Amino acid sequence: MGFAKQQMIEYQDKGYHALQNMFVCDKCIDEPSVQSFIRKNATHMFCSYCGKSYKRKKCVNINTLANYLSQCIRTEFGDPDDEGVPYLSKEGGYMTKTYDTYDIFEKNYLEFKNDEIKRDIVEEVFDNRLWCRIDPFGVPQNKELYYSWESFSEIVKYKTRYVFYKLPPQNKSVFSPKSYVFKILDDISKIISEFNLYKVLPIGTEIYRGRFENKKIKADYIELGPPSLEHATKSNRMSPAGIPLFYGSFFSETIEHELIYFDAKMKNKRKFLTVGKFVTLRELTVIDFSNIPSIPGLFDLSRSHQSDSLLFLKEFVQDVSKPISNNGSEPIEYVPTQILTEYFRHVMKIKGINRIDGFIYPCSKSHKLNSCTLFLQSENCTQDDITSFQTNDSNTKNLKALCLITKSVSSKRIPSNWVHDKEVFYL
Ligand SMILES: [Zn+2]
């Protein structure tokens, strides 16, 4: 145990004696996780700070609360001395950013309805001590994961696209230990499993798909579904040329916006937008990136171990779904997500799940506008034949999974004076 930690215990002992008869209720603190802790551990009926008497036990001793807050803070912060931070008087103190406990409470939205509580905890129990980030000169785990994804992306874009899994372990940065380039794919897979980011799309789920062309297209699944193998000549965000996938959305307007926006970006000026509704003929198990759990606050001790994975996941999903600039480099920019998609489709193994059928990615504006990529090709589609729903246990390659409802297909002419402003379109 470090000297500073030992000293902290002594201060806490001192504070303990001074505050052993002080109790606080959950109404005196404005932070849901801390309120929940107080309710679960209440031993007294009288709050020393607001003066309220309750009929049931609703208050905890202030030392018990301070001990809980200390455990929470110590998940991310430590004592600068214990963390090996040099102290240079000439330079004005510790050689890293430090925080007092008031700073930490404020930055993490822990509010007290009574200043006396805060003062008792900060000054009596914590003795106005300073904190710094744990391992302040290292790279936080969430950043380490993100740098791994960036490093992987750079290598498959500019170094090797087809044999990256044979590369020897290498450093991602000067601070990181050597690791295999592809390890980030396994890490992402583990995080997906850890948070159960799966969803079963039930039979009958409606998914829209569209095409924007210079002429009207036929209202059939051959035209409106994924292209056949010989026609899959374009590279897309999740699929290289030759390996078509089904790109869809749960809302027809998303399709319109995405296609028109993409067309405007590519300066193609196509004229006819055709959108149709497919329904699923079997259950489809998809990875759901649109429903990532919230990042736990500092004072939610029960979920603090999830913070790094969730911080990474949010940044990663933003990165893979961001618009790609129109400078002619799209096919290269798509390579990392194309490899990731193949990993989900062919490599990733999940306990209790036979196969992954695709994934959902979020629209920042509304869950309703989420899009999906399904590992389905033209041969998995049919039309107007929803009577023979498929069983889930068949391994037939040609298993029909999507049925186009041809009467839902509509085609409209998009005037050439449509202009776009990011995702908003005006006539
Ligand atoms: Zn109170």
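Values quoted throughout were computed directly from the atomic coordinates according to the rules given, and no laboratory measurement underlies them. Computed from a predicted model, the values in this text were never measured in an experiment. Cβ placement follows ideal geometry from the backbone for every residue including glycine, while neighbour counts extend to all protein chains displayed.
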For Val409, distant residues with modelled amide H under 5 Å away: Lys277
Note, ³J(HN,Hα) from phi for the stretch 401-410, Karplus 6.51, -1.76, 1.60, rounded to Hz, x at Gly and Pro: 10, 10, 10, 6, 8, 4, 6, 7, 6, 10
field: Net +/- balance of residues flanking Asn108 in space, Cβ distance below 15 Å, scoring K and R +1, D and E -1
entry: -3
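Which order, highest average first, do 248-257, 404-413 follow once you tally other Cβ atoms within 10 Å for each residue and take the mean per peptide?
On the way: 248-257: 20.1, 404-413: 15.1.
Per-residue mean Cβ counts within 10 Å order the peptides as 248-257, 404-413.
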query: Roughly speaking, what is the stretch gain from Asp385 to Arg161, that is 0.36 nm per residue apart minus the C-alpha to C-alpha distance, in nm to one decimal?
result: 76.6 nm
message: Please list, ordered by chain and number, the residues whose modelled amide H lies under 5 Å from the amide H of Phe77; skip anything fewer than 5 residues away on the same chain.
response: Ile134
field: Mean Cβ neighbour count within 10 Å, used as a protection proxy, ranking 301-312, 157-168, 274-285 highest first
entry: 274-285, 301-312, 157-168
- prompt: Suppose R0 equals 60 Å; then what is the FRET efficiency for Lys218 and Lys183 from their Cβ-Cβ distance, rounded to the nearest 0.05?
  reply: 0.85
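Around Val24, with a cut-off of 11 angstrom between Cβ atoms, what is the net charge of the other residues, counting Lys and Arg +1 and Asp and Glu -1? Walk me through the intermediate numbers first.
Numbers: positive: Lys27, Lys52, Lys58, Lys113, Lys118; negative: Asp26, Glu116, Asp120.
For residues surrounding Val24, the net value is +2.
Nearest 0.05, what FRET efficiency do Val347 and Asn128 give at R0 = 45 Å with Cβ-Cβ as r? Can you show the working numbers first?
Numbers: r = 53 Å, r/R0 = 1.18.
So the FRET efficiency works out to roughly 0.30.
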statement: Note, the stretch 33-39: 3J(HN,Hα) by Karplus (6.51, -1.76, 1.60, θ = phi - 60°), whole Hz, Gly/Pro = x, goes 5, 5, 4, 5, 4, 4, 4
field: Unit charges at the beta carbon, dipole of the stretch 141-191: most positive-side option, Val163, Ile188, Pro177
entry: Val163
query: Spin-label point model (7 Å from Cα, Cβ direction): what's the Lys107 to Leu399 distance in nm?
result: 5.0 nm
query: When the label point is put 7 Å from the Cα of Ser193 along its Cα-to-beta-carbon vector, which residues of the stretch 132-171 have a backbone N closer than 11 Å?
result: none
query: Each label point is 7 Å from the Cα along the Cα-to-Cβ direction; what then is the distance between the points at Glu91 and Asp319, in nm?
result: 3.0 nm
message: Going by amide H atoms built from the backbone, whose H comes under 5 Å of the H on Ser371, apart from near neighbours?
response: Tyr361, Cys363
